[in-house]
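In what follows, a structure is listed as structure tokens, so that the remarks can point back to it.
The values are calculated or read from the model by the stated rules, or taken from the named source; none is laboratory data. Here the structure is a predicted model, which is why all the values come from computation and not from measurement. Cβ placement follows ideal geometry from the backbone for every residue including glycine, while neighbour counts extend to all protein chains displayed.
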Amino acid sequence: MKALEKYKLGNIELKNRLVMSPMCMYSAKDDGKANDFHFTHYETRAIGGVGLIIVEATAVMPNGRISDQDLGIWNDEQIEGLKEITSRIKKHGARAGIQIAHAGRKSEATKTTPIAPSAIKFSDDYRMPQVLDENQIQQVIQAFVEGAKRAVRAGFDYIEIHGAHGYLNHEFLSQVTNQREDQFGGSLENRCRLLNWIIDQVKAAIPEHVALGLRVSASDYMVGGIDGDEMVRIIDQVKGKLDIIHTSSGGLAPVSMQVYPGYQIRFAEQIKHECQVATIAVGLITSIEMIEEIINNNRCDLIALGRLLLRDPYFPLKMYQQAGILEGIPKAYKRGFY
Ligand SMILES: Cc1cc2nc3c(=O)[nH]c(=O)nc-3n(C[C@H](O)[C@H](O)[C@H](O)COP(=O)(O)O)c2cc1C
């Protein structure tokens, strides 16, 4: 089964092509530190056989939290808990990744003010964001750099910059949310500038053995927003510095989107082939047959599983069982599978 073969992501080797998608657990306290719940949650999925675990969106600034319960990576005290997560993941042969994030105008953290490229609310239920000036933009870039350095100190093998789901980086990329008239708005090149600078500086700050990726929303599902073709042009601007593109969609505005099995695979496929980069496909991929179809048809390089791993942490072990690969099952669990 090709999905269970090793894969080289940048300079790291994954034992298979299965990835745990980043999923906020809203289980931290005000201090943003990881706790027992996170340790158990991530270690369980590592025992479950997935090759790469991407820890949930972790805020690089206090005002970058989606909620008051998000994990944080904006100070050194937060490193210890994250280190415990990486050591628990790695001792079972999985690789540890983390998504570093800023929620922008979608932050609902109660003690801070949301920020954004332009003064446009997400919806009437959200606060009006404060518009970033150029100095503040530099502070955001620095926060991503410091967050990435802390991720390295915590032992992560893969860092994913969150550029999707209507959060700060995505807000700069899309014309719908970016109405700036300075060097960060207008043309596609200008709208990519913040992301480009973040990627450049993060890349320069992390060692070569740590892989770097970007999660994007390849469609805003609205007129005037990003679509697959525009995302191809965006990725063309940044791809030289990245090891993989994780292709999600939506989240920029409260619009309805059609969700069906494999609904985002076409974006991973388009970006892989048109930009000639490695991609991760994600979104309602729920069976071994689907995974085999996607990987064997070369539609993407890695498969991310989200909700499936919430309800079935041992799903990858069932794949090893079906493929007859005994060594993929942890010794202590073999009796459960054979
Ligand atoms: C509880 C939950 C939390 C999520 N948190 C994040 C997150 O922190 N970062 C992110 O990029 N996507 C997040 N997502 C989206 C998932 O990573 C994934 O892309 C989405 O659930 C679709 O994949 P699935 O159908 O396999 O679940 C979250 C999804 C869920 C269900």
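Points worth noting:
- Condition met for GLU43 (modelled with pLDDT of 95 or more, acidic (Asp, Glu), within 15 Å of the ligand (Cβ to nearest atom) and under 30 Å from CYS300 (Cα atoms)): no
- The single condition among (1) within 13 Å of the ligand (Cβ to nearest atom); (2) surrounded by fewer than 17 Cβ atoms within 10 Å (Cβ to Cβ) that ARG266 does not satisfy is (1).
- Subset of segment 222-263 that is among the polar types (S, T, N, Q) and assigned to a loop (DSSP other than H, G, I, E, B) - its residue that is surrounded by the fewest Cβ atoms within 10 Å (Cβ to Cβ): GLN258
- Those residues of segment 151-194 which are assigned to a helix (DSSP H, G or I) and surrounded by 24 or more Cβ atoms within 10 Å (Cβ to Cβ), in sequence order: ALA151, LEU168, ASN169, HIS170, GLU171, PHE172, LEU173, ARG191, LEU194
- Scanning segment 2-33 for residues that are over 19 Å from the mean Cα position of the chain (by Cα) and surrounded by fewer than 17 Cβ atoms within 10 Å (Cβ to Cβ) turns up LYS2, GLU5, LYS6, LYS29, ASP30, ASP31.
- Sole exception among (1) surrounded by fewer than 16 Cβ atoms within 10 Å (Cβ to Cβ); (2) within 16 Å of the ligand (Cβ to nearest atom) for GLY213, by number: (1)
- The condition (being within 15 Å of the ligand (Cβ to nearest atom), closer than 23 Å to ILE141 by Cα and surrounded by 21 or more Cβ atoms within 10 Å (Cβ to Cβ)) is satisfied by just one residue among ILE53, ILE100, ILE85: ILE100.
- Qualifying residue in segment 57-71 (condition: outside any loop (DSSP other than H, G, I, E, B), under 22 Å from GLY213 (Cβ atoms) and touching a Ser or Thr at 6+ places or on another chain (Cβ under 8 Å)): yes
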